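Asker: Handing you a structure now.
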Amino acid sequence: MLVLCGFAFSNYYNKVKLALMEKLIPFEEELIWTGKPAFEAGSPLGKVPFLKTPQGIISESDVILEYLEQQYPDVPLIPRDHFQAAKVREINTYLNLHLELSARSIYPEAFFKRPVSEEVKASAQKNLKRFIPVLNELAAYTPYIAGDQFTIADCSAIVHFPLISLATKLIYGEDMLAATPAKEYSDRMKKMPSMIKINEDRKANQVLLMEKLAPKPA
């Protein structure tokens, strides 16, 4: 049995969880926080998510997705055509490396009341203004982000877009995805049964996370 380790507030954890659910792969979940708990459980850098398999532990969300694709091919999340597969990976890379990583720098202030500098905010805003139009040129949204097949790129987009929308609204006073096809796409995708379940689990886990991060009494 596969065991997905991490916590349900993490968008990268939910990215892997969504792939497992959509590929109809049986799995269990184990709540493990980042840092020392994850490191002691076998994550090389103390990061989540990581996946316990019968052969050993796999870390890094995209590596996990590739493993799942090769080990469980019955419900593919990457097209068989090599060019189309490359385009899916291209969109997935833009989502993770450019959009989400840019927005992540403002998450501490947006979600955890931990101020970030004006320079960080300005840099993130500049990058997002550059990368969002590029992504939307690559994306299809017909109805999925790379075309008519649900793919690993959707696993990233569906969990990243809501956080980017909310973070930019809280920090800059505007949802930077609101006027793009990503907004309508997100509204559609959140109605998927798997995403309804994931969002329920995320909200429940958020309560635990806030308790964990709350200042301890003196």
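The values are calculated or read from the model by the stated rules, or taken from the named source; none is laboratory data. Note that the structure is predicted; figures quoted are calculated from it, not measured. Cβ: placed from backbone, ideal geometry, glycine included. Neighbour counts: every protein chain shown.
Asker: Kindly indicate whether LYS191 is of a type in the set (D, E, K, R) and surrounded by 12 or more Cβ atoms within 10 Å (Cβ to Cβ).
Answerer: No; evaluated as a whole, the condition is false for this residue.
Asker: Hey, another quick one. Given the criteria basic (Lys, Arg) and modelled with pLDDT of 95 or more, does LYS113 qualify? Spell out the reasoning first.
Answerer: On the way: basic (Lys, Arg): yes; modelled with pLDDT of 95 or more: no.
Against the criterion (basic (Lys, Arg) and modelled with pLDDT of 95 or more), LYS113 does not qualify.
Asker: Here is a further query. Quick one: count up the residues across the stretch 69-105 that are surrounded by 14 or more Cβ atoms within 10 Å (Cβ to Cβ), over 19 Å from the mean Cα position of the chain (by Cα) and of a type in the set (Phe, Trp, Tyr).
Answerer: 1
Asker: Moving to a separate point now. Hey, among the residues in the stretch 106-139 that are closer than 15 Å to LYS87 by Cβ and touching a helix residue (DSSP H, G or I) at 6+ places or on another chain (Cβ under 9 Å), which one's surrounded by the most Cβ atoms within 10 Å (Cβ to Cβ)? Steps first, answer last, please.
Answerer: From the stretch 106-139, those closer than 15 Å to LYS87 by Cβ are 134-139; that's our starting set.
In the following step, the residues that additionally are touching a helix residue (DSSP H, G or I) at 6+ places or on another chain (Cβ under 9 Å) were identified as 134-136, 138-139.
Numbers: VAL134: 12, LEU135: 20, ASN136: 16, LEU138: 15, ALA139: 22.
That would be ALA139.
Asker: Here's another thing I want to ask about it. Quick check on the stretch 32-50: of everything there that is of a type in the set (A, V, I, L, M, F, W, C) and without any contact (Cβ under 8 Å) to a residue 60 or more places away in the chain, which residue is surrounded by the most Cβ atoms within 10 Å (Cβ to Cβ)? Please lay out each step first, then the result.
Answerer: Residues of the stretch 32-50 that are of a type in the set (A, V, I, L, M, F, W, C), as a first pass: 32-33, 38-39, 41, 45, 48, 50.
Checking which are without any contact (Cβ under 8 Å) to a residue 60 or more places away in the chain leaves us with 32, 38-39, 41, 45, 48, 50.
On the way: ILE32: 23, ALA38: 22, PHE39: 14, ALA41: 17, LEU45: 12, VAL48: 24, PHE50: 27.
Selected residue: PHE50.
Asker: Please tell me if LEU209 is surrounded by 11 or more Cβ atoms within 10 Å (Cβ to Cβ) and modelled with pLDDT under 95.
Answerer: Working: surrounded by 11 or more Cβ atoms within 10 Å (Cβ to Cβ): yes; modelled with pLDDT under 95: yes.
For LEU209, the condition - surrounded by 11 or more Cβ atoms within 10 Å (Cβ to Cβ) and modelled with pLDDT under 95 - is met.
Asker: While we're looking at this one, here's another question. Could you check PHE83 against (1) at pLDDT 95 or above; (2) of a type in the set (Phe, Trp, Tyr); (3) touching a helix residue (DSSP H, G or I) at 6+ places or on another chain (Cβ under 8 Å) and say which number it fails?
Answerer: (3)
Asker: Same structure, new question: Restricting to the stretch 1-58, count the residues that are basic (Lys, Arg), outside any loop (DSSP other than H, G, I, E, B) and either within 26 Å of PRO76 (Cα to Cα) or in the same structural domain as LEU101 (by TED's automatic domain parsing) (or both).
Answerer: The qualifying residues number 3.
Asker: For residues in the stretch 106-133 being within 19 Å of the chain's Cα centre (by Cα) and among the aliphatic types (A, V, I, L, M), which is farthest from MET210 (Cα to Cα)?
Answerer: Checked the stretch 106-133; the qualifying residue farthest from MET210 (Cα to Cα) is ILE132.
Asker: OK, next. Considering each residue of the stretch 59-95, count those that are in contact (Cβ under 8 Å) with a residue 40 or more places away in the chain and either in contact with a strand residue (DSSP E or B) (Cβ under 7 Å, 6 or more places away or on another chain) or farther than 24 Å from PHE27 by Cα (or both), and give that number.
Answerer: 9
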